[in-house]
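J.: Got a structure for you, written out below as structure tokens; questions coming shortly.
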Amino acid sequence: MPGVALAQISDPKPGQGAPTSAPGPTPAPAPQDETIVSDQEFNAALPSLSNDPNAPLEPLEGFQTPTPTPAPPPRTVQPIPGAPTVPAEETEFAAPPPEAPEFAQPLPALSEFKVEPVKIEGIDDEKVAQIRYTTAVEGLDKIGLEDQFRDLSALEEGDGKAANAAMVAARAREDEHLAVRLMRSLGYYDGTAISTIEQNPKNSGNVRATISATPGPLYRLGSVSIVSDPTVPPGLLDKELNLNPGDPIEAIRIQGAEANLKLRLPQQGYPFIALGDRDILLDDQTHFGDYTLPVTLGPRSSFGEIVTQGRRPVFGVDHINILRRYKPGQLYDSRMVDDLRDALIATSLFSTVSVEPVRTNQPGPDGTEVVNLLVRQNAGRPRTLAGEAGYSTGQGIRLEGSWTHRNLFPPEGALIGRAILGTQEQGIAGTFRRSNAGQRDRTFQIHAELNHQDYAAFESYTGALAVRWSRDSTPIWQKKWTYFYGAEVVGSNEDRWNFDTNQRDRGTWLIAALPTLLGYDSSDNLLNPTRGFRLKGNVSPETSVRGAARPYARLMVEGTAYYPVTSSIVIAGRARVGSIPGIARNDLPPSRRYYAGGGGSVRGFGYQELGPRAPDGRPVGGRAFNEFALEARYRFGNFGIVPFVDAGQVYEGIYPTGQNLRFGAGIGGRMYTNFGPLRVDVATPIARKPGESRISLYISIGQAF
């Protein structure tokens, strides 16, 4: 190689054909390097380092990026005259091969990388080495924070397991900050917390992490100041804020007081109130804090007009005015606004609806400013398909479906079609219903139906036309007082046992009735009550025409009560009695008599099974009845178990005497859903008689009562 040849020419060695030279003179010693920086100057220039490994790094503002030294120009090796020429590909410094095209492409985005860990066959990732630890908390129990601390603790969340000691230490440091935040939330602003990790003396196989907290003194309010314009009446802000000097500076109390202020002032004429940022100046010598809250009141306001806005409006202003409960000129009250919004939502006709106050800058009564209510509305889907299925002993399978257009005849004019298909009942019905008819919460409806029923007590073909005004409860809008009154005409052809001829025959009756109901409901839920009670009474003067007109009245009173023994157990009871004075049983159409037995009556017996019977063994009903029920509803999660005892009887006379009561007992299962509980009850009669079923099954939606 040329480099080697150059070395041989310039520095021949013995044995290579060069003459041996005589020893040369002894070389002079190399000069000593001069000191550039002394040790003292070097040590002084070093930055001071903290012994705390958790301390933050020094700032980079003063760091000067060194200027890179320019690269020297490439050195060119001059060829030696007479030296042989070596091909370029055989030299040691040949040019690198050309780069592959794929290496010149840009890297893919990080989001495209797969982050799933690589799984190696035969290795179980779950068997990673772990250490176990226990957690101890000191100092927080004295101020009632230990339970809350453990609920939020990172150490507790780790469930006593960690990959290594560093992970335990990191969780402990996080819990230090948590303990300080919790102490400050109660007013202990000087509180400190420190964590220690040591080997557990009781178990050498794990470690113990201890969070030691020192709350320090409790800070209290020194002064309370609200910066605002005067209110009408005076002192309204101080009254509703309700913070007093000497109160502990607790975060939840301060925030709750401010939230109450923002809630209560709009209820008393100030819809545009706005709270500024609070300021609490703490004094670490006296342990008191001065509280200051800026408040922008806005104008004191009174109700004005209603205006609407929306791409697909449902109601005009006239119908919305029927729904409101306030009068124009009345002092603004946000509860009236919430009530109007709830009434609009309860119609189920909107996809979106909101109600908000809008300033008008117009003077109102008593020095107020008139504000209008802006109703933003967009129509939702007005049609609904619904279905219901059930089964009970004596009643068989019952399927019911309905189609509803809730606003076919605006405003709120609904058309409902219904069909029933069952093993023992079939029918069709149509209903026109207008909600909020001229008055809020009043419903007017016209109902027509054709029905066929074939039960053990009777078989009937019935047509009915009814008109009714009512005030009803719904799952969305449950009301304390309900009522209905109306009129109906019924034509019915029925099979019955004729006690005059002592044989079974058919008859046709025309019935006119004026049914009424009054109810009171203090329960907490329409479909699944857990506390409160309900009372209702029915009175229906009627006339049955079959050859001659026979007037009579159907009377019924019912009461139910619910008492929560614990958060998961509710005791529920029911009593119901009824009477039909004014007519003999044989002159009364079988479909208008009283019966008992079944899933909504006395469980353990078939549908309409209790009471007097004809010589052929079939029930004939009566003119009086009574029913009683008691059950314990135990709920766990979305499921429940309900043991129950029912009792009842039907009487030929008009007095529900309570004699010869029949009892049924059983147990039920419940599955709770967002539309009510699904109910499955199994019951058996006590002191069962021949011909009665040993077991009765009832499946439905909602509680039994």
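J.: Which one of these does Asp318 not meet: (1) surrounded by fewer than 17 Cβ atoms within 10 Å (Cβ to Cβ); (2) part of a helix (DSSP H, G or I); (3) in contact with a Ser or Thr (Cβ under 9 Å, 6 or more places away or on another chain)?
T.: (3)
J.: Right, something else. Looking for something of a type in the set (Ser, Thr, Tyr) and part of a strand (DSSP E or B) - is there at least one such residue anywhere in region 414-430?
T.: No; the residues of region 414-430 include none that is of a type in the set (Ser, Thr, Tyr) and part of a strand (DSSP E or B).
J.: Test of understanding: among Asp333, Asp338, Asp284, Asp290, which residue is of a type in the set (Asp, Glu), modelled with pLDDT of 95 or more, more than 21 Å from Val375 (Cα to Cα) and not assigned by TED's automatic domain parsing to the domain that holds Arg434? First the steps, then the outcome.
T.: Values: Asp333 fails: more than 21 Å from Val375 (Cα to Cα); Asp338 fails: more than 21 Å from Val375 (Cα to Cα); Asp284 fails: modelled with pLDDT of 95 or more.
Selected residue: Asp290, the only one of Asp333, Asp338, Asp284, Asp290 that is of a type in the set (Asp, Glu), modelled with pLDDT of 95 or more, more than 21 Å from Val375 (Cα to Cα) and not assigned by TED's automatic domain parsing to the domain that holds Arg434.
J.: Any residue at all in region 459-469 that is in the same structural domain as Tyr594 (by TED's automatic domain parsing), of a type outside the set (Lys, Arg) and under 24 Å from Phe675 (Cβ atoms)? Don't jump to the end; show me each part of the working.
T.: Step one: filter region 459-469 for residues in the same structural domain as Tyr594 (by TED's automatic domain parsing), giving 459-469.
Now restrict to residues that are of a type outside the set (Lys, Arg): 459-467, 469.
Then keep just the ones that are under 24 Å from Phe675 (Cβ atoms); that gives none.
No; the residues of region 459-469 include none that is in the same structural domain as Tyr594 (by TED's automatic domain parsing), of a type outside the set (Lys, Arg) and under 24 Å from Phe675 (Cβ atoms).
J.: Here is a list: Gly216, Gly235. Which entry is touching a helix residue (DSSP H, G or I) at 6+ places or on another chain (Cβ under 9 Å) and either without any contact (Cβ under 8 Å) to a residue 40 or more places away in the chain or among the charged types (D, E, K, R) (or both)?
T.: On the way: Gly235 fails: touching a helix residue (DSSP H, G or I) at 6+ places or on another chain (Cβ under 9 Å).
Just a single option satisfies the conditions, and that option is Gly216.
J.: Here's something else I'd like to know. Scanning for something touching a helix residue (DSSP H, G or I) at 6+ places or on another chain (Cβ under 7 Å), more than 16 Å from Pro411 (Cα to Cα) and part of a loop (DSSP other than H, G, I, E, B), does region 344-365 turn up at least one residue?
T.: Scanning region 344-365 turns up no residue that is touching a helix residue (DSSP H, G or I) at 6+ places or on another chain (Cβ under 7 Å), more than 16 Å from Pro411 (Cα to Cα) and part of a loop (DSSP other than H, G, I, E, B).
J.: Now a separate question. Across region 216-267, which residue is surrounded by the most Cβ atoms within 10 Å (Cβ to Cβ) among those that are of a type in the set (Val, Ile, Thr) and in a helix (DSSP H, G or I)? I'd like the intermediate steps shown before the answer.
T.: First, the residues of region 216-267 that are of a type in the set (Val, Ile, Thr): 224, 226-227, 231-232, 249, 252, 254.
Retained after the next criterion (residues that are in a helix (DSSP H, G or I)): 252, 254.
Details: Ile252: 9, Ile254: 21.
My answer is Ile254.
J.: Can you find a residue in region 468-476 that is basic (Lys, Arg) and either in contact with a helix residue (DSSP H, G or I) (Cβ under 9 Å, 6 or more places away or on another chain) or closer than 22 Å to Leu510 by Cα (or both)? Break it down into steps so the answer makes sense when it comes.
T.: Taking region 468-476 first, the residues basic (Lys, Arg) are 468, 471.
Adding the requirement that they be either in contact with a helix residue (DSSP H, G or I) (Cβ under 9 Å, 6 or more places away or on another chain) or closer than 22 Å to Leu510 by Cα (or both) leaves 468.
Yes: region 468-476 contains one or more residues that are basic (Lys, Arg) and either in contact with a helix residue (DSSP H, G or I) (Cβ under 9 Å, 6 or more places away or on another chain) or closer than 22 Å to Leu510 by Cα (or both).
J.: While we're here: Applying the selection to region 431-467, what residues are of a type in the set (Lys, Arg) and either in contact (Cβ under 8 Å) with a residue 40 or more places away in the chain or assigned to a loop (DSSP other than H, G, I, E, B) (or both)?
T.: First, the residues of region 431-467 that are of a type in the set (Lys, Arg): 433-434, 440, 442.
If the condition is that a residue be of a type in the set (Lys, Arg) and either in contact (Cβ under 8 Å) with a residue 40 or more places away in the chain or assigned to a loop (DSSP other than H, G, I, E, B) (or both), then Arg440, Arg442 are the ones that fit.
J.: For region 647-697, enumerate the residues that are farther than 21 Å from Arg613 by Cβ and polar (S, T, N, Q).
T.: If the condition is that a residue be farther than 21 Å from Arg613 by Cβ and polar (S, T, N, Q), then Thr673, Asn674 are the ones that fit.
J.: Inspect region 481-494 for any residue being surrounded by 16 or more Cβ atoms within 10 Å (Cβ to Cβ), among the acidic types (Asp, Glu) and within 23 Å of Ala549 (Cα to Cα) and give the result as yes or no.
T.: Checked region 481-494: at least one residue is surrounded by 16 or more Cβ atoms within 10 Å (Cβ to Cβ), among the acidic types (Asp, Glu) and within 23 Å of Ala549 (Cα to Cα).
Residue-by-condition table, conditions (1) basic (Lys, Arg); (2) at pLDDT 95 or above; (3) under 23 Å from Leu408 (Cβ atoms):
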{"residue": "Gly438", "(1), (2), (3)": "no, no, yes"}
{"residue": "Gln445", "(1), (2), (3)": "no, yes, yes"}
{"residue": "Phe458", "(1), (2), (3)": "no, no, no"}
{"residue": "Ala466", "(1), (2), (3)": "no, yes, yes"}
{"residue": "Ile476", "(1), (2), (3)": "no, no, yes"}
{"residue": "Lys480", "(1), (2), (3)": "yes, no, no"}
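J.: Further, regarding this structure: Suppose the filter is under 34 Å from the mean Cα position of the chain (by Cα) and part of a helix (DSSP H, G or I); does Pro271 pass it? Steps first, please.
T.: Working: under 34 Å from the mean Cα position of the chain (by Cα): yes; part of a helix (DSSP H, G or I): no.
Considered against the rule, which asks whether it is under 34 Å from the mean Cα position of the chain (by Cα) and part of a helix (DSSP H, G or I), Pro271 comes out as no.
J.: Restricted to region 341-356, and to residues that are buried (at least 18 other Cβ atoms within 10 Å of the Cβ) and out of contact with any Gly (no Cβ under 9 Å at 6 or more places or on another chain), which residue is nearest to Arg264 (Cα to Cα)?
T.: Residue satisfying both the conditions and the ranking: Val355.
J.: Picking from Gly621, Gly597, which residue would you name as being within 19 Å of Ala683 (Cβ to Cβ) and surrounded by 16 or more Cβ atoms within 10 Å (Cβ to Cβ)? Steps first, please.
T.: On the way: Gly621 fails: within 19 Å of Ala683 (Cβ to Cβ).
Sole residue among the options that is within 19 Å of Ala683 (Cβ to Cβ) and surrounded by 16 or more Cβ atoms within 10 Å (Cβ to Cβ): Gly597.
J.: Kindly provide the set of residues from region 319-345 that are of a type in the set (D, E, K, R), within 17 Å of Gln439 (Cα to Cα) and either without any contact (Cβ under 8 Å) to a residue 60 or more places away in the chain or touching a strand residue (DSSP E or B) at 6+ places or on another chain (Cβ under 9 Å) (or both), ordered by number. Write out each step before concluding.
T.: From region 319-345, those of a type in the set (D, E, K, R) are 324-325, 327, 333, 335, 338-339, 341-342; that's our starting set.
Checking which are within 17 Å of Gln439 (Cα to Cα) leaves us with 324-325, 327, 339, 341-342.
Hits for region 319-345 are Arg324, Lys327, Asp339, Arg341.
J.: Taking only region 241-275 into account, find how many residues are of a type in the set (A, V, I, L, M, F, W, C) and over 30 Å from Leu374 (Cβ atoms).
T.: Of the residues in region 241-275, the ones of a type in the set (A, V, I, L, M, F, W, C) are 241, 243, 249, 251-252, 254, 257, 259, 261, 263, 265, 272-275.
Imposing the further condition that a residue be over 30 Å from Leu374 (Cβ atoms) reduces the set to 243, 249, 251-252, 254, 257.
Total satisfying the criteria: 6.
J.: Take Asp521 and tell me if it is among the acidic types (Asp, Glu), in the same structural domain as Pro410 (by TED's automatic domain parsing) and surrounded by fewer than 18 Cβ atoms within 10 Å (Cβ to Cβ). Spell out how you get there, then give the answer.
T.: On the way: among the acidic types (Asp, Glu): yes; in the same structural domain as Pro410 (by TED's automatic domain parsing): yes; surrounded by fewer than 18 Cβ atoms within 10 Å (Cβ to Cβ): no.
No: the conditions fail for Asp521.
J.: Still on this model: Residue check: is Trp477 touching a Lys or Arg at 6+ places or on another chain (Cβ under 6 Å), assigned by TED's automatic domain parsing to the domain that holds Leu450 and either part of a strand (DSSP E or B) or closer than 30 Å to Asn525 by Cα (or both)? Break it down into steps so the answer makes sense when it comes.
T.: Values: touching a Lys or Arg at 6+ places or on another chain (Cβ under 6 Å): no; assigned by TED's automatic domain parsing to the domain that holds Leu450: yes; either part of a strand (DSSP E or B) or closer than 30 Å to Asn525 by Cα (or both): yes.
When the stated conditions are applied, Trp477 does not pass them.
J.: Sort through Thr360, Thr368 and tell me the only one that's within 17 Å of Tyr326 (Cα to Cα) and either touching a Gly at 6+ places or on another chain (Cβ under 9 Å) or assigned by TED's automatic domain parsing to the domain that holds Arg312 (or both).
T.: Testing whether each residue is within 17 Å of Tyr326 (Cα to Cα) and either touching a Gly at 6+ places or on another chain (Cβ under 9 Å) or assigned by TED's automatic domain parsing to the domain that holds Arg312 (or both) leaves just Thr368.
The values are calculated or read from the model by the stated rules, or taken from the named source; none is laboratory data. Everything numeric here is computed off the predicted structure, so don't read it as measured data. Backbone-built Cβ (ideal geometry, glycine too); neighbour counts: all protein chains shown.
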